[in-house]
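Notes follow the structure.
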Number of protein chains: 2
Amino acid sequence: MSIQPILVAGQWRAAKASGTFHAENPATGEKLPDEFPISTWADCDVALAAAAEAAIILRTTTPEQIVKFLTRFAERIEARKSELVEIAHAETALPKSPRLADVELPRTTGRLRQAAAATLEGSWAMPTIDTKLNIRSMLAPLGPAWVLGPNNFPFAFNSVAGGDFAAAIAAGNPVIAKANTSHPGTSRLLAEEAFAAVTETGLPPATVQLIYRTSHADGERLAADSRTGALAYTGSRSAGLKLKAAADKAGRPIYLELSSVNPVLILPGALAERGAKVAEEFTGSCLMGTGQFCTSPSLIVLFAGEATERFIAAAKQKLEATPPTPLLSSGVQRSLDESVKTLRAAGAELVCGGSPLPAPGFRFANTLLRVSGEKFLAAPEKLQTEAFGNASLLVVVRDAAQAAEVFNRLEGNLTGCVYSDTRGSDDALYGQLAPLLRNRVGRLLNDKMPTGVAVSPAMNHGGPFPATGHPGFTAVGIPASLRRFGMLQCFDNVRPHRLPVALRNKNPNGKMWRLIDGQWLQADIAG
Amino acid sequence: MSIQPILVAGQWRAAKASGTFHAENPATGEKLPDEFPISTWADCDVALAAAAEAAIILRTTTPEQIVKFLTRFAERIEARKSELVEIAHAETALPKSPRLADVELPRTTGRLRQAAAATLEGSWAMPTIDTKLNIRSMLAPLGPAWVLGPNNFPFAFNSVAGGDFAAAIAAGNPVIAKANTSHPGTSRLLAEEAFAAVTETGLPPATVQLIYRTSHADGERLAADSRTGALAYTGSRSAGLKLKAAADKAGRPIYLELSSVNPVLILPGALAERGAKVAEEFTGSCLMGTGQFCTSPSLIVLFAGEATERFIAAAKQKLEATPPTPLLSSGVQRSLDESVKTLRAAGAELVCGGSPLPAPGFRFANTLLRVSGEKFLAAPEKLQTEAFGNASLLVVVRDAAQAAEVFNRLEGNLTGCVYSDTRGSDDALYGQLAPLLRNRVGRLLNDKMPTGVAVSPAMNHGGPFPATGHPGFTAVGIPASLRRFGMLQCFDNVRPHRLPVALRNKNPNGKMWRLIDGQWLQADIAG
């Protein structure tokens, strides 16, 4: 079978490859038939040169044309739905229904349409006008974006259709997608539809490009290249930190999502009031996608006592009774095994599970571990090791003071949750502990597990390092996620006909929100 | 004379010093009498611990109290104006009037008041509410900010009173100021007033702290410390890049202003129409503050021809006729000398000046250099060496194509200007060249030199690397400059009484702009 072509400079063409790889079917452990190339620098160089040219054209492309592309792309994905679901299922073992067909694919096309709406409205760029001094500014496209998506959402965070892709394109930038190596076939199909939509709607051909894999050295080189505008990476912490170092050194903005254990605090009143229900919510959330959600609840803080022991027993029972679903790859299985060993070596005890399951496929027993607050505080770094997959660690603290110490040792996380009773008996504890959690997480939830990440303007899918690279940005939520791909451009005394339309006196579409002399307005400027 | 104390943890106390230094009077070259300590890590550690505690208290401090502090601080600076002007003049040799007393000091107190107004109004935090999903988010204080100000604005960018200080405090963070070593006495006086205002208005004592100098190693250690929330650095590129590497590695946000040659394109029609006037504007701008403005026009692109030769002759005459004013320090004089040598070694020819002037004081002949477009393109990196001080380089290009090549080789800059004729004869050239300049600068000006940086909401004092570290942020302009010191905090299903007041249904002051279900509103949410 021939090697799959890459999409660069407006053509599907043979890669200049240094080697090849296959995806694997996680349910069977078997290698999938398609052979994908590992690109050399020559491919990256061609892609960068083409993207730089496309970026220049996109800067003067109308919002309407970008909107057409995003909309057509969404329609084309829907038209090819069954084929996409098949291949994504083969590459990830995620259930076809409801997960892939009824949740993730609609979420992906829905977000492409939300991004299109944001482009059309234009408020994302935060046009800001000082009429007295005639100074005007807005966000403008930053340049070619490399998008390196994760393994866990073959559609919704795919490098060539997911959140970062949609945000970068909606902000007016070309995207060079680096497929996640665990679902290259899904990425190929999505890139086919994206490229067809590019052609159909007349965008520059290199608006969307796709390569499958590079060496680490070439990855670092592309991060530093002067033609790169920005990078968006979601994946393993070790690989991400190398890419970050290269991008940082060269002064290229890089947005990362690296790791998160998503602490959940369950207060005594909540356990007393509805412990069984909370245990259900917890096990449901931590098994979702075989625990491979970025926001999977992996570190649960509980107060020592009988109610907690009942909670643990209920969770154990549920986890043991639920057949473990496949992990995304042999790599995830290996890494989960290592993480569980690290947690145990640091003092965590197994409640259930703890080992990989035999073939076929890449599965791991649903795993629960526990550790006392005292032991946690003796090795807080090791006990925050992300065990990506179906494993969670319970930290059983003695009292509020110890819980506070635990929170004070937490690294940055995407989310943090607090369950409390509905009648106020936990409010004093909430007041004492929630502020400590608040400052270490991007999103604080009450009485709710963190695995749902709504595409809402108010969402923050971000958080302090090492959850992400900068706590001011979110990867989910429109318009905020678009702003990551903009540079602030100010126009000082620039003649009216030379201004971008968004900064002229007349509001270009009557809907764009602009900060005019301190007021957010949709109106024209008089005069 | 005893060593000056530092201000840490709410006390003026003796530093644990590894050595001492003196400031110098740049007009005379003489050492000033006060002796300042070089702090060891022990001082940094005390400051960090105290700032971390202050940060916790500041998170629940009302905006009104922060407003009181900023206002009282501004009033106290005004009350001590003559003493401040005297010491700043002694340390920088900048003219007392109008520069220090009538321009820079009022700008500084004006900005403290603007920052106070932004804190009071609260819109800077961009509260965003999704009423259907009950998800709410806003920017919240990021934590202790280290502010390392530059040498060129002893008041307006002072570590303990300038733009970064005001922005960090207004966003609710404590500041640890590291004084610029060329004006420690000015910083001491400002810190005295800041601390008195802190005490008077009841903020946590460690809201404002001041140390004078550290070793480079300790600087990197403080950048990486987990108690550091963010850093703001304006200064030399080499020192800034080391600090950036340390902060980046630890995932701490760092905002930098490193270097900028501020390209100016003067089109043929503008020269024909008003060449003499443009030459006046140019020389006036490039001698402002002895050329030591971040936005000093240091690289001027002109088209070869007689009008350009007349422009050069006029500029030369003006520069030679103007007595050179002192530079800020012996270090600036040395570095300017080296930069001019680098430019000459790379092919630039002297039009006038070119050498340091003899004592007393640290002065340099007003310097103009020229180079052909061809030679520029042979050594574009060396010929973009920032010559901080009263020196500028003219690049005389053959034609528009060569000008385009020059622009395509430009690094990121804070500003770029285009002068064109008022009747449209330059419009085709503008259309061809301005877009190339646009993407390499934070602020594009028409028919105006870049040295005025208005404190306007629409200002961008920022730009692509290496001008700054990230092209999405501005160091000047309120509210945008405050947002650098915020982390995005999302509240998902959080009970109403636990929400920050800015995110509750009722608009807390009736003036705060909030993005509610896609609309920027000042209204309450019904229900």
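Observations on the structure shown:
- When the Cα convex hull of the range A:18-76 is projected onto planes of every orientation, the mean area is 6.7 nm².
- For B:ASN493 and A:LYS81, the FRET efficiency from 1/(1 + (r/R0)^6), where r spans their Cβ atoms and R0 equals 41 Å, is about 0.80.
- Between B:ASP421 and B:GLY269, B:ALA270, B:ASP426, the built amide H atoms are under 5 Å apart, and every one of these is 5 or more places off in sequence or on another chain.
- Look at the dipole of the protein assembly as shown built from charges on Cβ: of B:CYS352, A:ALA523, A:SER39, the Cα furthest out on the positive end belongs to A:ALA523.
- The range B:344-408 and the range B:164-189 have their alpha-carbon centroids 34 Å apart.
- Point-charge dipole on Cβ atoms (K/R +1, D/E -1) for the range B:279-333, about Cα centre, debye to 20: 120 debye
- Shape category assigned to the range B:365-422 from the gyration tensor of Cα positions, a/c cut at 1.5: rounded
- 16 Å reach of a label modelled at A:SER425, 7 Å along Cα-to-Cβ, counting backbone N of the range A:298-340: A:303-311
- Copy-to-copy label separations for B:LYS511, where each label sits 7 Å from Cα toward Cβ, in nm and ascending: 3.2
- Rel. contact order, % - alpha carbon contacts under 8 angstrom, at least six apart, the range B:389-522: 17 percent
- Label point of A:ARG59 (7 Å along Cα→beta-carbon): distances to the other copies' equivalent points are 4.2 nm, sorted ascending.
- Computed over the range A:1-43, the alpha-carbon pair-distance distribution with 5 angstrom bins reads 5, 24, 24, 21, 14, 8, 4, 1, each value a whole percent.
- Against the empirical 2.2 N^0.38 Å (N residues), the range A:9-147 has a Cα radius of gyration ratio of 1.40.
- Diffusion constant of chain B at 4 °C, which comes from Stokes-Einstein with the Kirkwood Cα-pair radius and 1.567 mPa s, µm²/s: 54 µm²/s
- Beta bridges assigned by DSSP with both partners in chain A are antiparallel in approximately 40 percent of cases.
- Cα-based Rg and Dmax for the protein assembly as shown, where Dmax is the largest Cα-Cα distance (Å): 29.3, 93
- For B:ALA14 and A:HIS216, a Förster radius of 51 Å and the Cβ-Cβ distance give a FRET efficiency of 0.55, rounded to the nearest 0.05.
- Each label was represented as a point 7 Å from its Cα along the Cα-to-Cβ direction; for A:ALA523 and B:ARG113 these points are 2.7 nm apart.
- Cα Rg, Dmax, the range A:150-281, angstrom units: 18.9, 61
- Positive-end residue of A:LEU190, B:ALA196, A:LEU503, charge dipole of the protein assembly as shown with Cβ unit charges: A:LEU503
- Per-selection metrics, the range A:447-505 (Cα): Rg and Dmax in Å: 17.0, 54
- Antiparallel bridge percentage (DSSP; both residues within the protein assembly as shown; nearest 5): 40 percent
- Calculated mean residue ellipticity at 222 nm for the protein assembly as shown: -12000 deg cm²/dmol, from DSSP H runs with n ≥ 4 weighted as -39500 (n - 2.57), summed, divided by the residue count and rounded to 500.
- 3J(HN,Hα) couplings calculated from phi for the range B:499-513 with the Karplus curve 6.51 cos²θ - 1.76 cosθ + 1.60 (θ = phi - 60°) are, in sequence order, 6, x, 4, 5, 10, 7, 4, 7, 5, x, 10, x, 10, 5, 7 Hz; Gly and Pro show x.
- A cut-off of 5 Å between modelled amide H atoms, ignoring neighbours fewer than 5 places along the same chain, links A:VAL494 with B:ASN446.
- As a calculated quantity, the FRET efficiency between B:ALA276 and A:ILE57 at R0 = 41 Å, using C-beta atoms, amounts to about 0.55.
- Placing a label point 7 Å from the Cα of A:GLU86 along the Cα-to-Cβ direction, the distances to the matching points in the other copies come to 8.8 nm, shortest first.
- Selection from A:ALA467, A:VAL103, B:LEU319 lying farthest towards where the dipole of the protein assembly as shown points positive, charges on Cβ: A:VAL103
- Within the same chain, aspartates and glutamates fewer than 8 places from A:LYS316 are excluded, and of the rest, those with a Cα less than 17 Å from its Cα are A:GLU280, A:GLU281, A:GLU306, A:GLU349.
- Other-chain or far-sequence residues with amide H under 5 Å of A:ASN507's (modelled H): A:ASP524, A:ILE525
- Karplus-derived HN-Hα couplings along the range B:145-157 (A = 6.51, B = -1.76, C = 1.60, θ = phi - 60°), whole Hz, x at Gly and Pro: 10, 8, 10, 10, x, x, 7, 8, 9, x, 9, 5, 10
- Given charges at beta-carbon only (K, R positive; D, E negative), |dipole| of the range A:107-220 in Debye: 200 debye
- About the Cα centre, charge dipole magnitude for the range A:428-527 (Lys/Arg +1, Asp/Glu -1 at Cβ), debye: 200 debye
- Cα-based shape type of the range B:234-343, given that a ≥ b ≥ c are square roots of the gyration tensor eigenvalues and the cut on a/c is 1.5: prolate
- Dimensions of the range A:396-450 based on its C-alpha atoms, expressed as ranges along the principal axes with the largest first, amount to 30, 24, 18 Å.
- Proximal charge balance of B:ARG514 [Cβ under 13 Å; K/R count +1, D/E count -1]: 0
- Links that overshoot a 24 Å alpha carbon limit, given the list A:LYS132/B:LYS448; A:LYS16/A:LYS178; B:LYS31/B:LYS244; A:LYS178/A:LYS249; A:LYS244/A:LYS375; A:LYS68/A:LYS244: B:LYS31/B:LYS244; A:LYS244/A:LYS375; A:LYS68/A:LYS244
- Derived scalar couplings between HN and Hα for the range B:204-212 equal x, x, 8, 4, 10, 10, 9, 10, 9 Hz in order, rounded to whole Hz, by the Karplus curve 6.51 cos²θ - 1.76 cosθ + 1.60 (θ = phi - 60°), x for Gly and Pro.
- Computed over the range A:41-110, the alpha-carbon pair-distance distribution with 5 angstrom bins reads 3, 14, 16, 14, 12, 16, 16, 8, 1, each value a whole percent.
Rule-based calculations on the coordinates, nothing more; no lab input. Just so it is clear, the model here is predicted, and its values are computed rather than measured. Because the Cβ atoms are built from the backbone with ideal geometry, glycine has one as well, and the counts that use them run over all protein chains shown.
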